[in-house]
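The values are calculated or read from the model by the stated rules, or taken from the named source; none is laboratory data. Remember, it's a predicted structure, so these values are computed and weren't measured experimentally. Every residue, glycine as well, gets a Cβ built from its backbone with ideal geometry; the counts of neighbours run over all protein chains shown. Note: areas computed on protein heavy atoms with side chains; ligands, DNA, RNA excluded. Shrake-Rupley method; radii C 1.70, N 1.55, O 1.52, S 1.80 Å.
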Amino acid sequence: MKNTALTKTHEALGAKMVPFAGYNMPVSYEGVTIEHETVRNGLGVFDVSHMGEFLIEGPNALALIQKVTSNDASKLTIGKAQYSCLPNETGGIVDDLIVYRVKEETYLLVVNASNIKKDWDHISKYNKAFNADMKDLSEHYSLLAIQGPKAVAAMQSLTSVDLSGIKFYNFVVADFASIDFVIISATGYTGSGGFEIYCKNSEVKQVWDKVMEAGADFGIKPIGLAARDTLRLEMGYCLYGNDITDETSPLEAGLGWITKFTKDFVNSEALAKEKEHGPKDKLVGFELEDRGIPRQGYDIVDGQGKTIGHVTSGTMSPSLGKGIGLGYVPVIFSEAGSKINIQIRKNAISATVVKLPFYKG
């Protein structure tokens, strides 16, 4: 089991630690509902240093990224980030990721912790044709997500950069918490605004301490992975391993907006055909009409009790006070307003397909 550079800090704060993607990670401190509401209404900080970071550089860096990712990375200017995915050769998804353009020929790819080796091997296989310079920085860098509506006001004292000027999916390399060069990125996985801070493992304790100090007057609290999951689910954001996998196509998953057929990429021909004919199943969001909590793996059934799909993610939404979830259903059931049922033990609980996100802010 790997530790992040902040494991002892989390333990000292009384975090409940659990194994996650091969790392010893804080799942909660005070409880998921309190932590969830802290981020929605105020300010919280997550240690997400288990995420993977690959640096891709050189004259062919862009060509390699264009080949292995579904989105059009040629649109990225320096200081911009882009959500994308790595399609596999059989119609599914190797991983979803964020691509950052750091310099003219330097890109940072941020990938899911559980997929670091798989992603590295996949990209390396295609790099034989491009010979870009690839470095795996995952073991050397830490990542903090400072999330919530008070993030700008609370963190402004820690940097000379105007944080309010960093637009969504933009970033700067600047001073932060008395460290000269960190990435301050207006990305996040919560839907409540804020920043992600990339720094070296040797620097992260100082950054954490100064973030907690600067945020004290704003009610900052450490937040665990359980609340990260409920926050992202309320936004309808996909989680790799649940809502997207090696078997789910980006088009089924509602990721057509990051699948650009203006370029050639891995399996693009087959995906273009799928787009033309339309996918058979679609990932939808649903809300329960009655009490109950939909869980991953529960059957989705039609009015006759026939299984038509499965829940991929589900929870009791702290913001909405009702059961919400994601799952794949045949296209005929995918329109907002469609009625489906979730099989929770012996009961088929009525649910309605809704337009995402669940939480409108």
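Of note:
- Computed from Cα atoms alone, the Kirkwood hydrodynamic radius reported for the stretch 295-361 is 12.2 Å.
- Projecting label points 7 angstrom from Cα along Cα→Cβ for residue 180 and residue 21 puts them 3.0 nm apart.
- Trypsin sites (Lys or Arg not before Pro) restricted to DSSP loop in the stretch 247-332 with at most 13 other C-beta within 10 Å: 280, 291, 306
- Residues of type aspartates and glutamates that residue 346 reaches as a straight line, Cα spacing below 13 Å, ignoring anything fewer than 8 places off in the same chain: 299
- The stretch 53-122 and the stretch 337-352 have Cα centres spaced 38 Å apart.
- Solvent-accessible surface of protein heavy atoms, probed at 1.4 angstrom with all chains present, puts 221, 355 in the order 355, 221, largest first.
- Between the stretch 250-271 and the stretch 283-335, the alpha-carbon center distance in angstrom: 26 Å
- Atom-type composition of the exposed protein surface of the chain places 52 percent of the accessible area on carbon and sulfur (1.4 angstrom probe).
- Over the stretch 132-226, volume per residue of the alpha carbon convex hull, in Å³: 121 Å³
- Over 29 Å between alpha carbons, listed pairs 117/306; 200/355; 103/205: 117/306; 200/355
- Reachable aspartates and glutamates, given that their alpha-carbon falls under 17 Å from the alpha-carbon of residue 16 and they are not under 8 places away in the same chain: 30, 35, 47, 229
- When +1 charges are put on Lys and Arg Cβ atoms and -1 charges on Asp and Glu Cβ atoms, the dipole computed for the chain relative to its Cα centre reaches about 520 debye.
- Violating pairs (Cα-Cα greater than 22 angstrom) within the set 8/210; 135/167; 125/263; 167/360; 135/221: 135/167; 135/221
- From phi via Karplus (6.51, -1.76, 1.60), per-residue ³J(HN,Hα) for the stretch 130-137 in Hz, x at Gly/Pro: 10, 6, 6, 7, 10, 10, 8, 9
- In the context of the full set of protein chains, residues of the stretch 1-131 present 39 Å² of accessible surface per residue (probe radius 1.4 Å, heavy atoms only).
- Taking the stretch 15-111 and dividing mean pair separation by its residue count, relative contact order in percent (alpha carbons under 8 Å, at least six apart): 23 percent
- Calculated accessible area for the stretch 245-311 comes out at 56 Å² per residue, all protein chains present (probe 1.4 Å; ligands, DNA, RNA ignored).
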